[in-house]
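A quick write-up on the structure given underneath.
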């Protein structure tokens, strides 16, 4: 109850989203990968979107990229193939590239080319979409930064909050700052996860988009001092 009250109070303080994000939305053709700001995002760069998978019961991981034909700069809607029938979660990874900050501004390169850069980062994006269905939802998919639903959002009672957990490298992230919004709106609310990385998301109509970000020491320090991780989770009610 205390957690829900704290989250509800935090949701009253709305603020516009600032960072570029990757998220997944339902599409009449299947699934669409979106990159940008909520409310104005466009198709994700197909050359940076290198993984979009579903876990199909009894069939393992099924890629949605295998059927995409050459010739697109932005990723078209992705169909769910027959092998993915019944899948509940679509998961994507996106490499935003290496960036450095210099006196002249930001540049899309690594610190190998600019060793005296003021800042350097490797931008990595992760996204998940929960689909309705009868199969069990399952747990984490193994993204470096991940928002894990702890219940099936489509099976909650009217008005019941959804519990989620934020994981960093497979472990709960205490106090994670989570944004809550609608992919069609620039306005977001913010709440904070508890000491176990868990937060309760108040019920709201339509598609909900959760986001979280974290900077960690660079996994490739010769290229960037930091890894800038960002993850989203989209679901309906």
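For residue 211, the stated conditions do not hold, so it cannot be described as modelled with pLDDT of 95 or more, at positive phi and buried (at least 16 other Cβ atoms within 10 Å of the Cβ).
For region 160-171, the set of residues classified as more than 16 Å from the chain's Cα centre (by Cα) and under 17 Å from residue 210 (Cβ atoms) consists of 160, 161, 162, 163, listed by residue number.
Being closer than 30 Å to residue 177 by Cβ and part of a loop (DSSP other than H, G, I, E, B): is that true of residue 38 here? Taking the combined requirement at face value, the residue satisfies it. If you check 13, 44 for being closer than 26 Å to residue 204 by Cβ and modelled with pLDDT under 90, only one passes: 13. When region 102-134 is filtered for residues that are surrounded by fewer than 15 Cβ atoms within 10 Å (Cβ to Cβ), within 30 Å of residue 62 (Cα to Cα) and touching a residue at least 60 places away in the same chain (Cβ under 8 Å), only 132 remains.
Only one of the numbered conditions (1) within 19 Å of the chain's Cα centre (by Cα); (2) closer than 24 Å to residue 41 by Cα is violated by residue 99, and that is (1).
If you check 224, 196, 220, 151 for being surrounded by fewer than 14 Cβ atoms within 10 Å (Cβ to Cβ), touching a strand residue (DSSP E or B) at 6+ places or on another chain (Cβ under 8 Å), touching a residue at least 60 places away in the same chain (Cβ under 8 Å) and assigned to a loop (DSSP other than H, G, I, E, B), only one passes: 220. In the set (1) part of a loop (DSSP other than H, G, I, E, B); (2) within 15 Å of the chain's Cα centre (by Cα), residue 129 fails one condition alone, (1). Of all residues in region 47-101, those being farther than 29 Å from residue 114 by Cα and in a loop (DSSP other than H, G, I, E, B) number 22. Residues that are closer than 28 Å to residue 42 by Cα and part of a loop (DSSP other than H, G, I, E, B) were ranked within region 164-193; the one that is modelled with the highest pLDDT is 176.
The values are calculated or read from the model by the stated rules, or taken from the named source; none is laboratory data. If you're wondering where the values come from, they're calculated on a predicted model, not measured in any experiment. Glycine gets a Cβ as well: all are built from the backbone with ideal geometry, and neighbour counts include every protein chain shown.
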